Number of protein chains: 2
Amino acid sequence: MYRTHNNGELRISDIDKHVKLCGWVQKSRHLGGMTFIDLRDRFGITQLAFNENINSQLWEEARKINREWVIEIEGTVKERSSKNSKINTGDIEIEVNKLNVLNKSKTPPFTIEDESDGGEELRMKYRFLDLRRDPLQKNLVLRSRLGMEIRNYLQKNKFLEIETPYLIKSTPEGARDFVVPSRMNPSEFYALPQSPQTFKQLLMVSGYDRYFQIVKCFRDEDLRSDRQPEFTQIDCEMAFVNQQDVINTFEGLIKYLFEKEKNIYFKEDFPKITYEEAIKRFGSDKPDMRFGMEFHYIKDLTLGYDFKVFDEAKTVIAICAKGASTFSRKKIDELTNWVKIPQIGAKGLIYVKCNEDGTFKSSVDKFFDQKCLSKWANNCQAEKGDLLLVLSGNKSSTQKQMNELRLRLGKDLGLYKEGDYQPVWVIDFPLFEKDEESGKFHAMHHPFTSPKKEDVTLLSSAPEKVRANAYDLAINGVELGGGSIRIHDRNLQEKVFTCLGFSENEASSQFGFLLNAFDYGAPPHGGIAFGFDRLCALMSNQDNIRDFIAFPKNNAGRDTMIDAPSELDEEQKKELGINVVGKI
Amino acid sequence: MYRTHNNGELRISDIDKHVKLCGWVQKSRHLGGMTFIDLRDRFGITQLAFNENINSQLWEEARKINREWVIEIEGTVKERSSKNSKINTGDIEIEVNKLNVLNKSKTPPFTIEDESDGGEELRMKYRFLDLRRDPLQKNLVLRSRLGMEIRNYLQKNKFLEIETPYLIKSTPEGARDFVVPSRMNPSEFYALPQSPQTFKQLLMVSGYDRYFQIVKCFRDEDLRSDRQPEFTQIDCEMAFVNQQDVINTFEGLIKYLFEKEKNIYFKEDFPKITYEEAIKRFGSDKPDMRFGMEFHYIKDLTLGYDFKVFDEAKTVIAICAKGASTFSRKKIDELTNWVKIPQIGAKGLIYVKCNEDGTFKSSVDKFFDQKCLSKWANNCQAEKGDLLLVLSGNKSSTQKQMNELRLRLGKDLGLYKEGDYQPVWVIDFPLFEKDEESGKFHAMHHPFTSPKKEDVTLLSSAPEKVRANAYDLAINGVELGGGSIRIHDRNLQEKVFTCLGFSENEASSQFGFLLNAFDYGAPPHGGIAFGFDRLCALMSNQDNIRDFIAFPKNNAGRDTMIDAPSELDEEQKKELGINVVGKI
């Protein structure tokens, strides 16, 4: 046995016990004839004391030990003379009488501290060292605990955890698949699942009633900081449910997790907002509800003043930044430049300051008189001291741009506290979205989402108007999860495939098994999937999901530590019957 | 809301309640003016009653309903006149007053009963129907419950569940990898993990102390009934442990699962047997300990009788089948033919019957006199009425053949009861095994297994003699899991790579990250992995792991339901920069 205790558990009540401990050397301090070592493991830090007067040889050995060495010691628990109230073991130290170096360490390429001096690239290459840092350990411990709590809740609610396959069939629709050549079936490929969607639906057809899985999913897309080629989903499905049943069950899950993990109690039901309303009021289908600053559509109030920009715009949207009339010229210029960056893409930004004396100062003073500006202000419920910011253009891009500006201002003006959580269900999503280039319809969620009963007749006449039984949960502007009631009727599913441009052949070769299953007693069913990486980040008030994944990929999809992907052996390619031709 | 109760929960205490139920029609019976429907879901069966005299229209509708239709009903709970004690809801039935058909069903291609009339192939194609059968539902429910209990135990023991990546690096050693072409890194490939071995070791280097994961692993091997291209492992690792620490922890897990799931209490420690002894006594490194019938080496007792077969054999092994002297000529012929099938490969089988009158009757009577046969019998502790069976040849193949014969006889003679569980730890495995063809050494477990301290010096002089700190757990002849204490020292790891024939370059390009990690304070560590599919099958006294996997592949690695693998779109291949050249 290497140890009797871990480094987080010894207390004043353990005084005089003889103990064995193991761990890493966090740091040492030398004070005259005393050497102190902070011994670290996942559970905490324990101070080791070496006294020259008691054992000079041991003291000599201790002085030679460096950071990150792995050691094993035996000794007696003593009360500290100067206690450290910041750590659990701060009342005691170990008077060491036996020391064994289990492994030495080179000097790490960056410091193993909360704030490391290593750059992102270096820390990714030495991920095994980066993972020693306390913030990352806290993240992964949180993740492990959350996973367990999710399972506890779902199990109590009669969900079964059922594994679905990873080697499945490629479907060219939607995002790009990762594929796997099959050696046993030459010239054929498996695909890695983008989600277990069709399998969980089949499990409902099979009568499993309530399914869940915490499962890796794969999408071969270009990466951003909140996207990884492999990510983890809390994937759930229920039979004999309507939309409200699913919402109740999973609102329950989220409430349970916030109670368990953060002592946050949501007493009321999470608010619901329709997709249409969310876009209209906030320009986003995952609105940040921690603050107001809703959109005001003021195009009507701008007519007749010969201001071409607004006259030619399909829409003019204003938001009111409370108390921001004090913004400097510099700040407003900065915002103006910011909305023009390509990622946002606005043409310009117009402001109206509501001065304390009741007058208005605006960047379009030459076009609009005080009376007109006062109407704008009224419309936006602006008061003295507020600032109106106005964007214009075609409707949907202006809404998107204004969403960005609203989020930015919410942050700049400190309109919410860290630790605020404002969930909202966004419902009544459109079933389809139109690809502007091709004019084709795509499924907004996926092709298995059911249209609202009352909208089914629109499928042939006006597909763009069909609303879906689909719902997303957003918290603080982060889309945490989404789901829908699924189609369980073969004819309806075929009709939707037709709307999506599938030929009968395509539908049957790609999803024949599902259509087939619907012929044999498919129950009504629906479900939801949450992004587990995002949930962990959100519950820690952090943005970067990479910090919640033990071994993430970089933006080029590489693991620089193990150097993957890499070239294959010729022999392997031969066996698989594939050739690398390079990119065309 | 579709239902107020599921089909397994109504009891006599619910009499007169108005309820809503949903489910599948298991069967209907028509008795004069009464129609009874058994309504099924995952939770049970509830009887529905339709009475012509009470509601003739509803009764008419009910008569039209067929098997596997999905219906929704409302009605009142009534006490049954003739109760059914076989089901939990057998005291009640529902007097239905509202009926809604949610979905019809074609007649299934096989019956949805415990014993289906569908063949394997048909049931695989319609897996979603096969999964409705009670035996399969029981299996998957067991699996879900076991997964939860495993997590409960490991969490209580301070293990963290940490996800490791699925897109990793291909290593040509060991079994074949499944590979994944990378679009973002043209001409490079990821591999799917055969196990998270190196990552869990890195997590120990990172200080996570105790890790586990219930995780899919992938091996591109030719398939058998107990092998799948993707399978699930309970993967665990611990820091600062020796072999006995790991064994204690996971013997604890297995005992916990047997208690929770089967009310079986193992009071004693599981026995341990060395690899050498297991091979010697049972011819297997996963011996079935439910019965004896150990091997006896009798070559010495066969010398000097001019029986060429034995004289030329390296070894002669006998087992004693208690009370089997009554085996007929036919039975013995059958066994003789059976040991000669290619999968076993013996040249022949010799028997000695120990007659009740103290004489011996043998197939080699012309060579061996009664006195000699009596010596054999003595050596094997055979008594009157027993049967000796003897195989000969070179040592290791004879041991393997005799292992098969022993297992067969144990079954034929009923030497164990269903529900007997006899675990055994097999320890002190050799570190290497020699490939007979190439003369090269392979790692018996994997290249990261640590040699026993006292054997390290043999690494250069006599690698075949080096024993490993490796251990397997076998129950009833099934290898349930295995693990080892790992190497945590760079020099030792490099020495082992050398023994395995790795050049310095190969070692560094494939496992450089691990060697690198060992330079920065790697703690002593070790772990184990259990086959989850097998554990589930074993705990249900079943052999076929496919029955414990929701959507398994067939022996050709195909999912015939979804028809995977399949050919890729030209567009997909182009994007990935690969060409299918077919098999060479």
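The values are calculated or read from the model by the stated rules, or taken from the named source; none is laboratory data. All figures in this text were calculated on a predicted structure; none of them were measured in a lab. Cβ placement follows ideal geometry from the backbone for every residue including glycine, while neighbour counts extend to all protein chains displayed.
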ask   = When you look at residue A:579, is it within 11 Å of chain B (Cβ to nearest Cβ) and free of Cβ contacts under 8 Å to residues at least 60 places away in the same chain, yes or no?
value = yes
ask   = So, in segment A:120-160, of the ones that are out of contact with any Gly (no Cβ under 9 Å at 6 or more places or on another chain) and among the aromatic types (Phe, Trp, Tyr), which residue ends up farthest from the other protein chains (Cβ to nearest Cβ)?
value = A:159
remark   = Filtering segment B:510-568 for residues that are among the acidic types (Asp, Glu) and within 30 Å of residue B:580 (Cα to Cα) leaves a count of 3
key: Some residue of segment B:500-508 being away from chain A (no Cβ under 14 Å), of a type in the set (Phe, Trp, Tyr) and over 30 Å from residue A:132 (Cα atoms)   = yes
ask   = Using beta carbons and a limit of 8 Å, which pairs, at least six apart or on different chains, have the first residue in segment B:3-23 and free of Cβ contacts under 8 Å to residues at least 40 places away in the same chain and farther than 16 Å from residue B:90 by Cβ and the second one among the charged types (D, E, K, R) and surrounded by 14 or more Cβ atoms within 10 Å (Cβ to Cβ)?
value = B:4/B:20
request  = Can you give me the number of residues within segment A:57-82 that are over 17 Å from residue A:16 (Cβ atoms), more than 14 Å from chain B (Cβ to nearest Cβ) and modelled with pLDDT of 95 or more?
outcome  = 8
Subset of segment B:193-208 [facing chain A (nearest Cβ under 7 Å) and in a loop (DSSP other than H, G, I, E, B)] = B:206, B:207, B:208
request  = Filter the helices (runs of 4 or more DSSP H) completely within segment A:439-520 down to those with at least 1 residues that are touching a Phe, Trp or Tyr at 6+ places or on another chain (Cβ under 7 Å), under 29 Å from residue B:566 (Cβ atoms) and in contact (Cβ under 8 Å) with a residue 40 or more places away in the chain.
outcome  = A:490-499, A:504-518
message = On the basis of being modelled with pLDDT under 95, closer than 30 Å to residue A:395 by Cα, among the acidic types (Asp, Glu) and not in a strand (DSSP E or B), does residue A:277 make the cut?
response = no
task = Filter segment B:383-397 down to the residues that are of a type outside the set (Lys, Arg) and more than 13 Å from residue B:298 (Cα to Cα), then identify the one that is surrounded by the fewest Cβ atoms within 10 Å (Cβ to Cβ).
result = B:394
request  = Search segment B:339-391 for residues being of a type in the set (A, V, I, L, M) and either free of Cβ contacts under 8 Å to residues at least 24 places away in the same chain or not assigned by TED's automatic domain parsing to the domain that holds residue B:299 (or both), and hand back the single one that is farthest from residue B:313 (Cα to Cα).
outcome  = B:341
remark   = Exception for residue A:350 within (1) under 22 Å from residue A:285 (Cα atoms); (2) crowded, with 16+ Cβ neighbours inside 10 Å falls at (1)
Qualifying positions in segment B:532-571 - at the interface with chain A (Cβ under 7 Å from one of its Cβ atoms), within 15 Å of residue A:187 (Cα to Cα) and not aliphatic (A, V, I, L, M) = B:557, B:558, B:563, B:565, B:566, B:567, B:569
ask   = Which one of these is charged (D, E, K, R) and at pLDDT below 95: A:224, A:210?
value = A:224
request  = Could you tell me which residue of segment A:14-33 is nearest to residue A:129 (Cα to Cα), considering only residues that are among the aliphatic types (A, V, I, L, M) and either modelled with pLDDT of 95 or more or crowded, with 17+ Cβ neighbours inside 10 Å (or both)?
outcome  = A:25
inquiry  = Would you confirm whether or not segment B:522-531 contains a residue that is without any contact (Cβ under 8 Å) to a residue 60 or more places away in the chain, more than 22 Å from residue B:472 (Cβ to Cβ) and either more than 7 Å from every other protein chain (Cβ to nearest Cβ) or out of contact with any Lys or Arg (no Cβ under 9 Å at 6 or more places or on another chain) (or both)?
reply    = no
task = Go through segment B:1-56 residue by residue and tally those that are outside any strand (DSSP E or B) and more than 36 Å from the chain's Cα centre (by Cα).
result = 20
message = Looking at residue B:220 and the list (1) in a helix (DSSP H, G or I); (2) facing chain A (nearest Cβ under 8 Å); (3) crowded, with 20+ Cβ neighbours inside 10 Å, which single condition is not satisfied?
response = (1)
task = Search segment B:164-192 for residues being closer than 17 Å to residue A:556 by Cα and among the basic types (Lys, Arg), and hand back the single one that is nearest to the other protein chains (Cβ to nearest Cβ).
result = B:169
key: Check on residue A:76, more than 28 Å from the chain's Cα centre (by Cα) and over 30 Å from residue A:234 (Cβ atoms)   = yes
query = Does segment A:227-240 contain any residue that is closer than 28 Å to residue A:200 by Cα, modelled with pLDDT under 95 and surrounded by fewer than 20 Cβ atoms within 10 Å (Cβ to Cβ)?
reply = yes
task = Return yes or no: is residue A:501 assigned by TED's automatic domain parsing to the domain that holds residue A:210, at pLDDT below 95 and more than 29 Å from residue B:551 (Cα to Cα)?
result = yes
ask   = So which residues in segment A:228-242 are more than 8 Å from chain B (Cβ to nearest Cβ) and of a type in the set (Asp, Glu)?
value = A:235, A:237
task = Being more than 30 Å from residue B:563 (Cβ to Cβ) and part of a helix (DSSP H, G or I) narrows it down to one of A:99, A:129, so name that one.
result = A:129
task = State the number of residues belonging to segment B:1-13 that are away from chain A (no Cβ under 14 Å) and surrounded by 15 or more Cβ atoms within 10 Å (Cβ to Cβ).
result = 1
